[in-house]
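For reference, the structure discussed in these notes is given below.
Every read-out reported here was derived from the displayed coordinates using simple, explicitly stated rules and does not represent laboratory data. All of these numbers come straight from a predicted model, not from anything done at the bench. Virtual Cβ from ideal backbone geometry, glycine too; neighbours counted across all protein chains shown.
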Amino acid sequence: LRVSVLGGGCSGFQYKYSLEESSQENDLVLSLNGAEILIDDISQPLLDGAIIDYKEDLGSAGFEIKNPNASAKCGCGNSFSV
């Protein structure tokens with residue numbers, strides 16, 4: 001799973017998730033229990049110290065990012081500002 005940060009969203013930056021077959025040369029590769037998260041070198045400083053988790057409840061399922069670099073976030077949690 002690739003997690004990246006792009007400009008945009010209602011708060012200035014937004015998270016993007018995509019499935020990748022392999023990592024790129026400058027990617028940070030995080031592995032846990034057989035799963036790998038890829039983070040590109042431009043997104044790394046904006047995600048430094050972040051906790052990426054997968055949540056499931058009765059009405060939804062998806063990834064949640066707790067980002068200590070975010071000073072504010074939108075109501076849906078998919079965009080943030082620093």
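Just want to confirm a number: the relative contact order over the chain, from Cα pairs under 8 angstrom separated by 6+ residues, in percent.
Answer for the chain is 30 percent.
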**Asked** Among 3, 35, 80, which residue has its Cα positioned farthest towards the positive end of the charge dipole of the chain, with +1 placed on the Cβ of Lys and Arg, -1 on the Cβ of Asp and Glu, and the dipole taken about the Cα centre?
**Response** 80
**Complete:** For region 1-79, the charge dipole (Cβ of Lys, Arg +1; Cβ of Asp, Glu -1; about the Cα centre) points to a positive end, and the Cα of 24, 60, 49 closest to that extreme belongs to 60
**Request:** For residue 16 paired with residue 57, estimate the spin-label separation in nm (one decimal), with each label point 7 Å from Cα along the Cα-to-Cβ line.
**Result:** 2.9
**Karplus-derived 3J(HN,Hα), 6.51/-1.76/1.60, for each residue of region 65-74, Hz, glycine and proline x** = 10, 9, 10, x, 7, 7, 8, 7, 9, 6
**Request:** Calculate the dipole size of the chain relative to its Cα centre from +1 charges on Lys and Arg beta carbons and -1 charges on Asp and Glu beta carbons; express the result in debye to the nearest 20.
**Result:** 400
**Message:** With n ≥ 4 as the cut-off for DSSP H runs, can you work out [θ] at 222 nm for the chain, using -39500 (n - 2.57) per run divided by the number of residues, rounded to the nearest 500?
**Reply:** -500 deg cm²/dmol
